[in-house]
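See structure below.
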């Protein structure tokens with residue numbers, strides 16, 4: 001009982017933590033797995049997350065009013081968006097293909 005009271009008294013932000021869930025997909029609604037997602041919350045160090053095999057990621061917000069998500073993934077356009085935390089719903093982020101990247105075929109000659 002004492003430990004619980006101590007935690008609630010000195011760490012009230014634990015009560016107000018809000019879990020934010022997101023999913024990263026491409027234009028064909030396919031999950032983008034193992035992608036880095038950077039979350040910047042004002043006055044805190046940036047959080048770098050990795051999407052799971054379903055393209056999902058999650059993080060906790062402690063009384064922040066807003067946050068910014070940055071994503072740089074090879075083959076896709078860079079993504080940056082500011083979100084407000086009031087009435088926040090699960091996020092679905094769609095990355096668009098970067099048409100400026102063209103891989104050229106190479107010819108190998110066996111000698």
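Quick look at the values:
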{"quantity": "Burial ordering of 96, 89, fewest other beta-carbon atoms within 10 Å first", "calculated": "89, 96"}
{"quantity": "Difference of contour (0.36 nm per residue) and Cα-Cα distance, residue 108 to residue 53", "calculated": "16.4 nm"}
{"quantity": "Exposure proxy ranking, count of Cβ atoms within 10 Å, fewest first, for 82, 37", "calculated": "82, 37"}
{"quantity": "Theoretical gain in end-to-end length, residue 82 to residue 96 [0.36 nm per residue, Cα-Cα removed]", "calculated": "3.3 nm"}
{"quantity": "Ranking of 39, 48 by count of other Cβ atoms within 10 Å, fewest first", "calculated": "48, 39"}
{"quantity": "Dimensionless Rg/Rh of segment 37-97 - Kirkwood Rh, Rg from C-alpha atoms", "calculated": "0.95"}
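Each reported figure results from applying straightforward, stated rules to the coordinates on display, with no laboratory input. As the structure is a computational prediction, the values presented were derived from the model and not from experiment. Neighbour counts run over all protein chains shown; Cβ positions are idealised from the backbone, glycine included.
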